[in-house]
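Just below is one structure, and these are the notes that go with it.
The values are calculated or read from the model by the stated rules, or taken from the named source; none is laboratory data. As the structure is a prediction and not an experimental result, all values here were calculated from the model. Every residue, glycine among them, receives a Cβ derived from its backbone with ideal geometry; neighbour counts consider all protein chains shown. To get the accessible areas, we keep the full protein, side chains included, count just its heavy atoms, and leave off ligands, DNA and RNA. Shrake-Rupley method; radii C 1.70, N 1.55, O 1.52, S 1.80 Å.
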Amino acid sequence: SIAPNFSYDQYDSFSALDVTSVQVAPDSSVFVTDTIQGFQSANEWRLGVTASTRIYGLFNIPGQGRTKAVRHVLSPSLGLRYNPERSWDESLSTEAGEIGWNPYALGRFVPTDRREAGSLNFGLSQNIEAKVADKETGELRKVKILDNLATTGNYNFVADSLKLSDLQTRAFTSLFNRVNVNLNATHSAYARNPETGQVIDTFLASEGKGLLRLKRLTGAVGTSLKSDQDAGSPWNMRMDYNLNLTRVWDAQAARDTSRITHALSARGGVNVLGKCKVDVTTGYDLARKEMTPTNLNFYVDLHCWELTFNWIPFGVRQSFSLRLNVKSALLRDLKLEARGSDGKLLF
């Protein structure tokens, strides 16, 4: 599919703003703002075009195995956009100073200065699915191997240098319909100055250093568990592993080095007989080898009253808060509160 687009804006008014310099003394002048009557008009335009398609690849797998076929879908896209430079602001400089103004500022709709912009946006997304036969019935069902893998970027053809942007890659899949995997990566096609580490307007490929240079990588793996809906004390739990890798310039080694932070996090809750709820959030920083802030929340339904208790048992934010109040919205101000931190207790 190809979709061109063009937009045109016109700003019309019957008055304009003007600023002049008036001499009030031999060595002194002031700025005077005046309204000029008469028809005033300004316009701006933008154009662009986007094109996209979809390519299917089907690979049949012979034999007696459960996997019968694999389908690979590619979705490339291209987009071109351009808007010319537009400048309406005016300025005046004298010995009294400098002032700037927009002549169309008196109108309800005011045009603003716009820099020239022109770029080519591109992207490629893909997914992979398999047709798998059920063990018992033999019925075919679709299984997602890769939900989405997308790479995007743009080329700014009006920029002075570094016209190619960083390439952003995102990937997502769900393993066994239970474990979610997310990956985000940022790559650059430009080389660094070997002495200062500054990014230079030279492609890595021209220096024989490959096509791309990794800048950042983040990843997350997580799963959720919960009890049956009709359980006497329903519970839920969420566990995640998060990774953050950043490539930074090492001046002594004269090359990029990796900085890695990664942590485990967990949160969950249990509901006891519909009267008492307990929620816990905690985690462990694998890089620093220490616990992340842990938060415990308790809630008790006391019929006409309710009790909430929040506790952070350790860390720099170690504290607690207690609240006992009437459930009725009309009597919410009838309550007892207490909180404490750093050995202090307040009621």
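Laid out as a table, the results:
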| item | result |
| --- | --- |
| Positions within segment 77-93 being open to solvent by less than 40 Å² (accessible area, probe 1.4 Å) and within 30 Å of Ser125 (Cα to Cα), in sequence order | Gly79, Asn83 |
| From the options Ser161, Ser188, residue that is modelled with pLDDT of 95 or more and small (Gly, Ala, Ser) | Ser188 |
| Residue satisfying condition, being part of a strand (DSSP E or B) and open to solvent by less than 50 Å² (accessible area, probe 1.4 Å), within set Ala231, Ala220 | Ala220 |
| Top-ranked residue in segment 152-179 [being within 18 Å of the chain's Cα centre (by Cα) and over 30 Å from Pro84 (Cβ atoms); ranked as surrounded by the fewest Cβ atoms within 10 Å (Cβ to Cβ)] | Arg170 |
| Condition met for Gly283 (open to solvent by 40 Å² or more (accessible area, probe 1.4 Å) and under 31 Å from the mean Cα position of the chain (by Cα)) | no |
| Long-range neighbours under 6 Å by Cβ, at least six apart or interchain, first residue closer than 9 Å to Leu162 by Cα within segment 194-205, second part of a loop (DSSP other than H, G, I, E, B) | Ile200/Asn193; Asp201/Ser161; Asp201/Leu162 |
| Sole residue being among the aliphatic types (A, V, I, L, M), surrounded by 15 or more Cβ atoms within 10 Å (Cβ to Cβ) and either more than 30 Å from Arg213 (Cα to Cα) or modelled with pLDDT of 90 or more (or both), chosen from Leu345, Leu307, Leu302 | Leu307 |
| Scope segment 94-140; condition closer than 30 Å to Ser21 by Cα, of a type in the set (S, T, N, Q) and either open to solvent by 80 Å² or more (accessible area, probe 1.4 Å) or assigned to a loop (DSSP other than H, G, I, E, B) (or both); matching residues | Asn102, Thr112 |
| Count - residues of segment 98-141 that are of a type in the set (A, V, I, L, M, F, W, C) and out of contact with any strand residue (DSSP E or B) (no Cβ under 7 Å at 6 or more places or on another chain) | 1 |
| One residue from Val32, Val19, Val73 being open to solvent by 40 Å² or more (accessible area, probe 1.4 Å) and either in contact with a Phe, Trp or Tyr (Cβ under 7 Å, 6 or more places away or on another chain) or in a strand (DSSP E or B) (or both) | Val32 |
| Candidates Ala254, Ala266 - the one that is among the aliphatic types (A, V, I, L, M) and within 30 Å of Thr196 (Cα to Cα) | Ala254 |
| Among residues of segment 50-70, those that are open to solvent by less than 100 Å² (accessible area, probe 1.4 Å), more than 18 Å from Asp147 (Cα to Cα) and in a strand (DSSP E or B), counted | 4 |
| Where Ser1 falls short, out of the listed (1) touching a residue at least 40 places away in the same chain (Cβ under 8 Å); (2) of a type in the set (S, T, N, Q); (3) surrounded by 11 or more Cβ atoms within 10 Å (Cβ to Cβ) | (3) |
